[in-house]
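The values are calculated or read from the model by the stated rules, or taken from the named source; none is laboratory data. If you're wondering where the values come from, they're calculated on a predicted model, not measured in any experiment. Ideal geometry is used to build each Cβ from the backbone, glycine not excepted, and the neighbour counts take in all protein chains shown. Heavy atoms of the whole protein, side chains included, go into the accessibility calculation; ligands, DNA and RNA do not. Shrake-Rupley method; radii C 1.70, N 1.55, O 1.52, S 1.80 Å.
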Amino acid sequence: MPARLLHLHCDLTAALRIVAHWWEYPQGVPLEGEPRREDNGWATLPLDCDFMPAARWSTLARDADLFYESFDQGRGWAEIVCFVASRPVRHLRISGDPEESLDEGALRAEPGASLQSWSEVRAFMDGARWREEVRPGG
C-alpha cells in the first residue's frame, strides 16, 4: 500500500489553505486521510504529490518549508522532497524508469550514502526521520 505525506512548517489551518491555493482546489484539498498538527510546529497532510515537477515544488516552498515523503511497494518507487528557506535541499525520485528518476542534494541522515530504494525510503518514513531533517541545527 502506498504512503504519501506532505509536511509543512506552519499550522494546520495554514497548511490546508496553502496547499488548496497551490493545487487550485477552492473546495479543499483531496487528502488521503486525516491531517495532523505535529508537536514540532509542523503540519502533516496525507496527500499524493508524487512526481510533481521541480518548479511546482519551488512554488509551494515560497509559502513554507516542506518535506514530502512517499513510497509505493507495488510499483517499486519512492520520492523525497525537502525545501528549507525556499531552497531545495533534497529531491530523490526512485522509479523503474531512469528518465523519471532523480538524485539531487542530500539529507543529514544520508552521510556518505544516499537512499537507494523504495524500501530504504519506507524505513526512513517508518522511523519518522523527517523530523531530524527539519530540526534546526539537526
Problem - Of residues in segment 19-36 being in contact with a strand residue (DSSP E or B) (Cβ under 7 Å, 6 or more places away or on another chain) and either part of a strand (DSSP E or B) or acidic (Asp, Glu) (or both), the one farthest from Val84 (Cα to Cα) - result: Glu32
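Does at least one position in segment 40-48 carry a residue that is modelled with pLDDT of 90 or more, at positive phi and out of contact with any Ser or Thr (no Cβ under 8 Å at 6 or more places or on another chain)?
First, pick out the residues of segment 40-48 that are modelled with pLDDT of 90 or more: 40-48.
Imposing the further condition that a residue be at positive phi reduces the set to 41.
Subsequent filtering for residues that are out of contact with any Ser or Thr (no Cβ under 8 Å at 6 or more places or on another chain) retains 41.
Among the residues of segment 40-48, at least one is modelled with pLDDT of 90 or more, at positive phi and out of contact with any Ser or Thr (no Cβ under 8 Å at 6 or more places or on another chain), which makes the answer yes.
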Practice task
Would you please name the residue that is farthest from the chain's Cα centre (by Cα), looking only at residues in segment 53-105 that are closer than 27 Å to Asp11 by Cβ and among the β-branched types (Val, Ile, Thr)?
Solution key: Thr59
Exercise for the section: Tally the residues that are aliphatic (A, V, I, L, M), farther than 15 Å from Met125 by Cα and either open to solvent by less than 60 Å² (accessible area, probe 1.4 Å) or part of a strand (DSSP E or B) (or both), restricting the search to segment 75-87. Expected result: 1
Exercise for the section: For segment 63-74, state whether one or more residues are crowded, with 17+ Cβ neighbours inside 10 Å, out of contact with any strand residue (DSSP E or B) (no Cβ under 7 Å at 6 or more places or on another chain) and assigned to a loop (DSSP other than H, G, I, E, B). Expected result: yes
Fill in the blank from the handout: Per the list (1) under 14 Å from Arg4 (Cα atoms); (2) surrounded by fewer than 13 Cβ atoms within 10 Å (Cβ to Cβ), residue check on Tyr25 breaks on (1)
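State yes or no: is Asp39 surrounded by 13 or more Cβ atoms within 10 Å (Cβ to Cβ) and assigned to a loop (DSSP other than H, G, I, E, B)? Before the answer, list the steps.
Details: surrounded by 13 or more Cβ atoms within 10 Å (Cβ to Cβ): no; assigned to a loop (DSSP other than H, G, I, E, B): yes.
No.
Being part of a helix (DSSP H, G or I), open to solvent by less than 40 Å² (accessible area, probe 1.4 Å) and closer than 24 Å to Ala78 by Cα is true for just one of Leu16, Leu60. Which residue is that?
Working: Leu16 fails: open to solvent by less than 40 Å² (accessible area, probe 1.4 Å).
Of the residues listed, the single one that is part of a helix (DSSP H, G or I), open to solvent by less than 40 Å² (accessible area, probe 1.4 Å) and closer than 24 Å to Ala78 by Cα is Leu60.
In this structure, does Glu110 turn out to be in a loop (DSSP other than H, G, I, E, B), open to solvent by less than 50 Å² (accessible area, probe 1.4 Å) and of a type in the set (Asp, Glu)? Give the derivation first.
Values: in a loop (DSSP other than H, G, I, E, B): yes; open to solvent by less than 50 Å² (accessible area, probe 1.4 Å): yes; of a type in the set (Asp, Glu): yes.
When the stated conditions are applied, Glu110 passes them.
Of the residues Leu31, Leu102, only one is over 18 Å from Arg129 (Cβ atoms), in contact with a His (Cβ under 6 Å, 6 or more places away or on another chain) and surrounded by fewer than 17 Cβ atoms within 10 Å (Cβ to Cβ); which? Explain how you work it out, then say what you get.
Details: Leu31 fails: in contact with a His (Cβ under 6 Å, 6 or more places away or on another chain).
The match here is Leu102.
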Exercise for the section: May I ask you to list pairs of residues, at least six apart or on different chains, whose Cβ atoms are under 9 Å apart, with the first in segment 88-103 being over 13 Å from Ser70 (Cβ atoms) and in a strand (DSSP E or B) and the second being acidic (Asp, Glu) and open to solvent by 80 Å² or more (accessible area, probe 1.4 Å)? Expected result: Pro88/Glu104; Arg90/Glu104
Practice task
For segment 79-138, name all the residues that are closer than 22 Å to Thr59 by Cβ and modelled with pLDDT under 90.
Solution key: Glu100, Glu133, Val134
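So is Ala3 aliphatic (A, V, I, L, M) and either open to solvent by less than 20 Å² (accessible area, probe 1.4 Å) or at positive phi (or both) or not?
Values: aliphatic (A, V, I, L, M): yes; either open to solvent by less than 20 Å² (accessible area, probe 1.4 Å) or at positive phi (or both): no.
So Ala3 does not fit the description; no.
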